[in-house]
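All remarks here apply to the structure that follows.
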Amino acid sequence: MLKPKYNITPKLLANIKRIGIIVSDLNNRHFDKLSLVKLEKSARELSAYSSTSIEGNPLPLTEVKRIIKNKPEYIRDSEREVLNYNKALGTLVGDLRDDNITFNLGLIFKIQKIVTDGLINSFNAGKIRREPVFVNDPRLRKPIYLPPDHRDVPGLMKDLVNFTCSNKTKLDPLIIAGVFHKQFVIIHPFIDGNGRTARLATKALLANMELNTFNLFSFENYYNQNVTKYFENVGEKGNYYELVNQIDFTNWLEYFTDGIIDELFRVRKLLATENVSPQTSLKPFHQKIIDFIQEKGFITDRDYAKLTDRAKPTRNKDLNKLIDLGLIERIGKGKATYYKFKG
């Protein structure tokens, strides 16, 4: 069983308390639904950009936004990385919203399979590696870390998931999420996609903090601001078997919670300064559409007609306004038409 070594330092304790206060404040405030939808869309774009950028993807944020919006048919690997991450994040957010998620090895395999789709062969997608790997320094392009032997990985991953699930009522969720993130990187269970999978799985754990503004949250953004510092804190150097009994999670947990505080402040500032003009503000009938899509995943005109007594031409105007605002998109034609949040 995994028994991570760490100390609850004054800084770490202060960070945990501070996060609790900010989360409580955000959860107890009411925000305009239009602002929340817009900021969720922005957070997903920022997460896809930041998490792939950490791994060396050269695409700027403006290009990432364009790719996510247009979903081009013919794409390069760098573009596929972005689309895969956005798809995995969208799947994760949808499952969390529907309360249809169980944290286990199956979820981790599912995430890795999505983020590596079309980038590695199917033999290695969604499956623990079957061969040795090295971790290179992205700047020096030299091996700096030798992860555990592939034959030991299944047992180590089982221990990690057991630690994560069995301590939900014993440890602060920030400690659990932080330990999971670093230990996952240490194990390096996959041929490819380890960093992206670690960050997405950590998002799922952070959602257990009951952070209602979770969908606006992009802690990947904090890591991407100083990638060198992130790698120095989350990774190790040397041979796993020579390091395993010396690994201390304390510095990482302080850094990890620093990042969450930084991102929470960013979200709170955005929410406080978000201005909604009369031209873009949602009316009660618009919010009915948004609420229905949030619950069901999509809405049809027939669904909307049951929610309101507005005539069909007026209902079309309502839906078109949300399309013009970039909040939803129309899928299909004729009677098969439905509307969902714009990806």
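The values are calculated or read from the model by the stated rules, or taken from the named source; none is laboratory data. Keep in mind the model is a prediction, meaning the values are calculated, not measured. Cβ sites come from the backbone with ideal geometry, for glycine too, and all protein chains shown count toward neighbours.
Remarks
- If the condition is being hydrophobic (A, V, I, L, M, F, W, C) and over 25 Å from F163 (Cα atoms), then the range 64-89 contributes V64, I67, I68, I75, V82, L83.
- Residues within the range 1-60 that are under 27 Å from I186 (Cα atoms), in a helix (DSSP H, G or I), among the hydrophobic types (A, V, I, L, M, F, W, C) and not assigned by TED's automatic domain parsing to the domain that holds V244, tallied: 5
- Considering only residues in the range 90-122 that are of a type in the set (A, V, I, L, M, F, W, C) and farther than 25 Å from S166 by Cα, the one that is surrounded by the most Cβ atoms within 10 Å (Cβ to Cβ) turns out to be V115.
- Among the residues of the range 70-85, the ones that are in contact (Cβ under 8 Å) with a residue 60 or more places away in the chain and either surrounded by fewer than 11 Cβ atoms within 10 Å (Cβ to Cβ) or under 28 Å from K168 (Cα atoms) (or both) come to 1 in all.
- Set I293, I323, I331: member being within 25 Å of N70 (Cα to Cα) and at pLDDT 90 or above: I331
- With respect to the conditions (1) part of a loop (DSSP other than H, G, I, E, B); (2) modelled with pLDDT of 95 or more, L156 falls short on a single one, namely (1).
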